[in-house]
């Protein structure tokens, strides 16, 4: 059998093996990006689902429009209007989680050989998607304030045909960093000058533990270049598989065609359940409960790192999101350290695969949302012990 | 903005406009491929869903493996074993409906410029998917017994590099025909001789109103060439968005990578709900209720066609499925007739878009599953009147 070129590019084994690690019950896993299951509003979603089955079951189990449930799109429009984005329900496409948004962006924009720009490091599964479209990915240098505009400018000067800019400006995966407002403005200005479409991935923005919300790129996007991706995975449930794209009507039309070819539509019953949940529950109040839980876990992770980790290591201080990024001394390799860590009962994700060029080996990503405070302290104690022995 | 070539190929407007027609409440629509909503096991699915939320809510709302829920894959394996297919849970990937299966087959196999062979006519949305992969689609001649082996052989002799054969052997969309067993064997033999992978689409096979079940291509597939696509859309609910791929482990591995890049996984809660439904309900008994309903509707449509339609028209006599295929005199054009039909209150799908070369204009597809018997008679009465005026 002859397969496509793209399937050879789909190196998803790393992520799959890592997720398999997280599934072992005897391992304290900082590896996945899982929300805490105790944060799920199980009873409220059960009631919403039950109401939908009882009152509109035949509609909920039938096909529905590819663009998504109109009332859910309207609710999302009102939410984003209150965040300063000029939009209506027509600017939304309901998708089956952010991963599908990445794939649809690939379908709409990317040809083999195209160049995609992204942060360095960036979300590893996004790199897999862009590579599956047989694109080159060029990392743009990034620091604590976000993408560095002068480096973006330089790379665009050298590569004016770059096709797409992929960014996670708020509580970035893997670093947990957020871009400063001046950086957001500067990057958007440069993209507008080059007519470069931006994919703004924002699954974590609502999970803020300190500081004031910053404007999204989409809210400052006068030229219609930005596609904003939102998700219910981190604020309600990842298992229900729902997210959304917010973009110009012209772009949403193209994304909708791509969605129809991909899977016709997202689940009617899932959309109606979330819609019914939003009718009778306060999502912001629920998010406050999640952030109360996660900020304690973040604080515990930060204090345990300070107390336990050896000199020569450093880490980010994320104001939100799920992740924290640890840097070990230059000469260390977090990927080759992992098997020993796992044998001692703790897992993380080596940083290498978040770098488009896979050229950094001394970083690692820690998730603090899905472990209890006791597990956080115990897991970091094991990691610190192991590090002290090899450092 | 510069878009991909593939997005220009995604001509989904035809289907979208047709589905919009079906949504008007004052129109008797034979256009869509919708199951009858009164056939949905709403209460049984509600109970299954409720049980999942109550007993395993935190698991149901969390991420789960890309390949799908193990217990659901095991149930599917047992079902297909009883149909003579040698398989285990490892041969399955849970997908979000058959449309996703088409897209994943595109991802795994197709390069721009590749050739896909299919029946003539065939499912129009499959044509859209293959075109979105910038492939040529070559129709193989098809008659009442299915694909004609000599024509397949001839086309493969001329095009030995053909990449994929797409077929719907049982109660085909749009014609309702099923392939005879000798044709199944002959086509599989030829494909095996050329090493040509087959995508066997079987959403309707369980909906049989007469005759004995025939062996699927997959059950005779000794060489591992066949990917079988199944779906819960027509036997349980299309709104829940679940189907499956059944193939060799090597192929399932590749489909799983493609699935991960596409949307990570299908909904955990949807999979657990269907799994719980299958635990405490007899799917075959439910399918018997559906077939009792649909066979009456098919019979009513067949008798109304005989009673009402003018001489010079003919139609298929499907032993199962959702569709029936009408042929008008050669000189007629069912697409240009449609606006008048719709203005008189009845809708169908013009046959043209089911032909890869769009060169047949005198056919149309009728769906008999989603209209009541009264609507069927009334809709066909309107159609017959209009036909008599123009013929």
- [ ] Please report A:300, A:177, B:2, A:241 as a ranked list, fewest other C-beta atoms within 10 angstrom at the top and most at the bottom.
- [x] B:2, A:300, A:177, A:241
- [ ] Quickly rank B:376-384, B:270-278, A:303-311 as a protection proxy: mean count of other C-beta atoms within 10 Å, highest first.
- [x] B:270-278, B:376-384, A:303-311
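Using a 10 Å cut-off around each Cβ, can you sort B:388, A:79, B:6 from fewest to most neighbouring Cβ atoms?
Numbers: B:388 11, A:79 17, B:6 23.
Exposure proxy ranking, most exposed first: B:388, A:79, B:6.
Share of Cα-Cα pairs in the range A:237-382 beyond 21 Å, in percent?
Details: 6371 of 10585 pairs.
Value for the range A:237-382: 60 percent of Cα pairs lie more than 21 Å apart.
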Open item on the list: Out of all Cα-Cα pairs in chain A, roughly what percent, to the nearest whole number, are more than 37 Å apart?
Closed with: 21
- [ ] Starting from the Cα of residue B:299, move 7 Å in the Cα-to-Cβ direction to define the label point; list residues of the range B:320-357 whose amide nitrogen is under 18 Å from there.
- [x] B:320-324
Task: the range B:250-280 versus the range A:341-391: alpha-carbon centroid distance in Å - done: 29
Open item on the list: Suppose you put the label 7 Å out from Cα in the Cβ direction; list, shortest first and in nm with one decimal, how far residue B:112 is from each other copy's label.
Closed with: 0.8
Task: Inter-chain Cβ neighbour average for residues B:41-50, partner chain, 10 Å - done: 4
Open item on the list: Which residues among the range B:197-228 fall inside the zone where the amide N is under 15 Å from a point 7 Å beyond the Cα of residue A:3, along Cα→Cβ?
Closed with: B:197, B:225, B:227
TODO: Tell me the label-point distance for the pair residue A:74, residue A:136, using the 7 Å Cα-to-Cβ offset, in nm and rounded to one decimal.
DONE: 4.9
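So for B:130, B:40, fewest C-beta neighbours within 10 Å to most, what's the order? Intermediate results must be reported in sequence, preceding the final value.
Values: B:130 26, B:40 23.
Arranged by neighbour count, lowest to highest, B:130, B:40 become B:40, B:130.
How high is the relative contact order of chain A, in percent, counting Cα pairs under 8 Å that sit 6 or more residues apart? Mind dumping the intermediate values first?
Numbers: 715 pairs, mean separation 93.7, N = 391.
After rounding, I find 24 percent.
Beta carbons within 10 angstrom, averaged per residue: use that to sort the peptides B:257-263, B:83-89, A:341-347, highest first. Before the final figure, lay out each step's value.
On the way: B:257-263: 27.0, B:83-89: 15.4, A:341-347: 17.9.
The peptides rank, most packed first, as B:257-263, A:341-347, B:83-89.
How well do other chains shield peptide B:130-136, expressed as the mean number of their Cβ atoms within 10 Å of each residue Cβ? Intermediate results must be reported in sequence, preceding the final value.
Details: counts 1, 1, 6, 3, 1, 0, 0.
That average works out to 2.
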- [ ] Order the peptides A:187-196, B:361-370 from the highest to the lowest mean number of other Cβ atoms within 10 Å of their residues.
- [x] B:361-370, A:187-196
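If the convex hull of the alpha-carbon atoms of the range A:33-109 is projected onto planes in all directions, what is the mean projected area in square nanometres? Intermediate values should be presented prior to the final figure.
Details: hull surface 29.7 nm².
Quarter of the Cα hull surface area: 7.4 nm².
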Task: Ascending list, in nanometres, of distances separating the residue B:145 label from those of the other copies (7 Å, Cα toward Cβ) - done: 7.7
Task: C-alpha center-to-center spacing [the range B:35-50, the range A:189-249] in angstrom - done: 36
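Taking R0 as 25 Å, what's the FRET efficiency between residue A:381 and residue A:336 from their Cβ-Cβ distance, rounded to 0.05? Show your work: numbers first, answer last.
Values: r = 21 Å, r/R0 = 0.85.
It comes out at approximately 0.75.
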- [ ] Grab the DSSP H runs of chain A that are 4 residues or longer, score each as -39,500 (n - 2.57), total them, divide by all residues and round the 222 nm result to the nearest 500 deg cm²/dmol.
- [x] -14000 deg cm²/dmol
TODO: Run through the other copies and list how far each one's label point is from that of residue A:284, in nm with one decimal, shortest first; the point sits 7 Å from Cα along Cα-Cβ.
DONE: 5.6
Task: Percent of beta bridges antiparallel (DSSP, chain B, rounded to nearest 5) - done: 55
Open item on the list: What distance in nm lies between label points placed 7 Å from Cα along the C-beta direction at residue B:359 and residue A:359?
Closed with: 5.5
- [ ] Pop out the Kirkwood hydrodynamic radius of the protein assembly as shown from its pairwise C-alpha distances, inverse of mean 1/r, in Å to one decimal.
- [x] 27.4
Task: FRET efficiency, residue A:24 to residue B:389 (Cβ-Cβ, R0 51 Å, nearest 0.05) - done: 0.10
- [ ] Evaluate peptide A:235-243: per residue, the Cβ atoms of other protein chains within 10 Å of its Cβ; return the mean as an integer.
- [x] 6
Open item on the list: Taking 51 Å as R0, compute the FRET efficiency from the Cβ-Cβ separation of residue A:154 and residue A:38 and round it to 0.05.
Closed with: 0.65
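Throughout, read-outs are computed from the coordinates displayed, never taken from laboratory work. Because the structure is predicted, anything quoted here is derived from the model rather than measured. We place every Cβ from the backbone using ideal geometry, glycine too, and count neighbours over all the protein chains shown.
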